């Protein structure tokens, strides 16, 4: 397992600093090592105090780590003092460690995290030995004197940093107006990375990106490859940030690992549910829709349209038996959209199963204690019907609007050219299948 070293401050709130860096390293399968430069008393919303460690203590940590571990790449974050910056630069050079410099000067909330002369020390000590520097627009302006306002000035600042000694430069433009864009300058080549504007105020994004780049460089990728992959990783983790008790959000660096683990659980869940359906198909066959029965499970809490598991081609009604397709990821956009909307009202809901609309079935579902809401899709606004995927969101919102909570079953009817449908919502695919079997069995008994 390769090693990566972070040289940074401690964030007591856990959203940035060495705490975040080490989690990011783990997300990429890299063993994280750390050298502490300062202790902060902070949360995502505020910095209450900063206590820098003596430069000699930083040097002792560096010597201990680098004498013992074969470190190829290190990243710097909050260094605070010019003396610490000088020691870090000299020591990493001595041990021939490649360096990613994240020139932290202030926190995202605006509080200073550096001595007033640190910017000069970074220019004089770290820039000449930096393999990559990753400033945001403010930091780039402090280091170059170039007012970074747009893509032209970003390129100007990147060129200036390269002239000052940095082998490669990544300027982050997320705080500028317009489309959030990052610029990478390396070996005379320019790369642009564009992002969607996020509606969240997220703490620790600079640490997350630079740590991801460092981890990928430790794995042997070159700088353009590492930056490109790290940018994609950042896009993913900021898509579903974690809300803190205050105003701001943080990212979950282990999101890809958690999502992969839950995807495996979802596949297992749907597989067992489908087997239960097949074993009880004599109950379900009469209530299988013309378009087919589908059972879907989304991963949690990071699902997208591509993070669901369902039956490819659905479960079809044959003459005397159900015909089952393969279990696959992303096989049902219809139920996935419905579940993603339902999750907004009840985060425990992860699975859905559809049956045909039948009054006997509705009565049976009520008898086993499920709450049902019926939605007349003939009332769906025309502008909603025109948008791909919007209908399922509208159906869920309409069902919730009746009693202010998500029902257990949503029945929809009245849409032109659409088969009336009954959808059972549950915490797992197996639970949805068991509820469907119980209700269908009871409905058949009622005649």
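The values are calculated or read from the model by the stated rules, or taken from the named source; none is laboratory data. Predicted model, so just to flag it, every value in this text is computed and none were measured. In this analysis, Cβ positions are derived from the backbone assuming ideal geometry, glycine residues included, and neighbour counts consider all displayed protein chains.
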**OP:** Starting from residues that are modelled with pLDDT of 95 or more and within 17 Å of residue 105 (Cα to Cα), keep the ones in the range 50-76 and report whichever is surrounded by the fewest Cβ atoms within 10 Å (Cβ to Cβ).
**Re:** 53
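Residues checked against (1) in contact with a strand residue (DSSP E or B) (Cβ under 8 Å, 6 or more places away or on another chain); (2) under 17 Å from residue 183 (Cα atoms); (3) in the same structural domain as residue 171 (by TED's automatic domain parsing):
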{"position": "234", "(1), (2), (3)": "no, yes, yes"}
{"position": "271", "(1), (2), (3)": "yes, no, no"}
{"position": "275", "(1), (2), (3)": "no, no, no"}
{"position": "278", "(1), (2), (3)": "yes, no, no"}
Original post:
Is one or more of the residues making up the range 239-248 touching a residue at least 60 places away in the same chain (Cβ under 8 Å), buried (at least 19 other Cβ atoms within 10 Å of the Cβ) and not assigned by TED's automatic domain parsing to the domain that holds residue 323?
Top reply: yes
Subject >> Number of positions in the range 291-325 that are assigned to a loop (DSSP other than H, G, I, E, B) and either over 16 Å from residue 278 (Cα atoms) or within 28 Å of the chain's Cα centre (by Cα) (or both) >> reply: 12
Original post:
Regarding residue 356, is this residue out of contact with any strand residue (DSSP E or B) (no Cβ under 8 Å at 6 or more places or on another chain), crowded, with 16+ Cβ neighbours inside 10 Å and at pLDDT 95 or above?
Top reply: no
Original post:
Quick one: would you say residue 15 is closer than 21 Å to residue 251 by Cβ, buried (at least 20 other Cβ atoms within 10 Å of the Cβ), at pLDDT below 95 and touching a helix residue (DSSP H, G or I) at 6+ places or on another chain (Cβ under 9 Å)?
Top reply: yes
Subject >> Unique residue being out of contact with any strand residue (DSSP E or B) (no Cβ under 8 Å at 6 or more places or on another chain) and assigned by TED's automatic domain parsing to the domain that holds residue 78 when the list is 178, 228, 204 >> reply: 178
Subject >> Members of the range 174-205 that are within 23 Å of residue 6 (Cβ to Cβ) and either outside any helix (DSSP H, G or I) or over 15 Å from the mean Cα position of the chain (by Cα) (or both) >> reply: 174, 182, 184, 186, 193, 202, 203, 204
Original post:
Taking the range 340-356 on its own, how many of its residues are assigned to a helix (DSSP H, G or I), over 24 Å from residue 443 (Cβ atoms) and touching a residue at least 60 places away in the same chain (Cβ under 8 Å)?
Top reply: 1
Subject >> the range 380-393, residues that are touching a helix residue (DSSP H, G or I) at 6+ places or on another chain (Cβ under 8 Å) and not in a loop (DSSP other than H, G, I, E, B) >> reply: 384, 385, 390, 391, 392, 393
Original post:
Do any strands (runs of 3 or more DSSP E) entirely within the range 69-173 hold 1 or more residues that are in contact with a helix residue (DSSP H, G or I) (Cβ under 7 Å, 6 or more places away or on another chain) and touching a residue at least 60 places away in the same chain (Cβ under 8 Å), and if so, which?
Top reply: 73-76, 98-101
Original post:
For residues in the range 394-424 being touching a residue at least 40 places away in the same chain (Cβ under 8 Å), touching a strand residue (DSSP E or B) at 6+ places or on another chain (Cβ under 9 Å) and assigned to a helix (DSSP H, G or I), which is surrounded by the most Cβ atoms within 10 Å (Cβ to Cβ)?
Top reply: 396
Original post:
Applying the selection to the range 425-436, what residues are out of contact with any strand residue (DSSP E or B) (no Cβ under 6 Å at 6 or more places or on another chain) and buried (at least 19 other Cβ atoms within 10 Å of the Cβ)?
Top reply: 430, 433
Original post:
Looking at the range 18-49, which of the residues that are at pLDDT below 95 and not in a strand (DSSP E or B) is surrounded by the fewest Cβ atoms within 10 Å (Cβ to Cβ)?
Top reply: 45
**OP:** Consider residue 23 carefully, then state whether it is assigned by TED's automatic domain parsing to the domain that holds residue 212, in contact (Cβ under 8 Å) with a residue 24 or more places away in the chain and more than 21 Å from residue 117 (Cβ to Cβ).
**Re:** yes
**OP:** Might you check whether a residue that is within 30 Å of residue 13 (Cα to Cα), under 13 Å from the mean Cα position of the chain (by Cα), at pLDDT 95 or above and surrounded by 15 or more Cβ atoms within 10 Å (Cβ to Cβ) occurs anywhere in the range 210-232?
**Re:** yes
**OP:** Please go through the range 359-370 and pick out each residue that is in a loop (DSSP other than H, G, I, E, B) and surrounded by fewer than 16 Cβ atoms within 10 Å (Cβ to Cβ).
**Re:** 368, 369
Original post:
Hey, does the range 53-61 have a residue that's touching a strand residue (DSSP E or B) at 6+ places or on another chain (Cβ under 9 Å) and either in a strand (DSSP E or B) or touching a residue at least 60 places away in the same chain (Cβ under 8 Å) (or both)?
Top reply: no
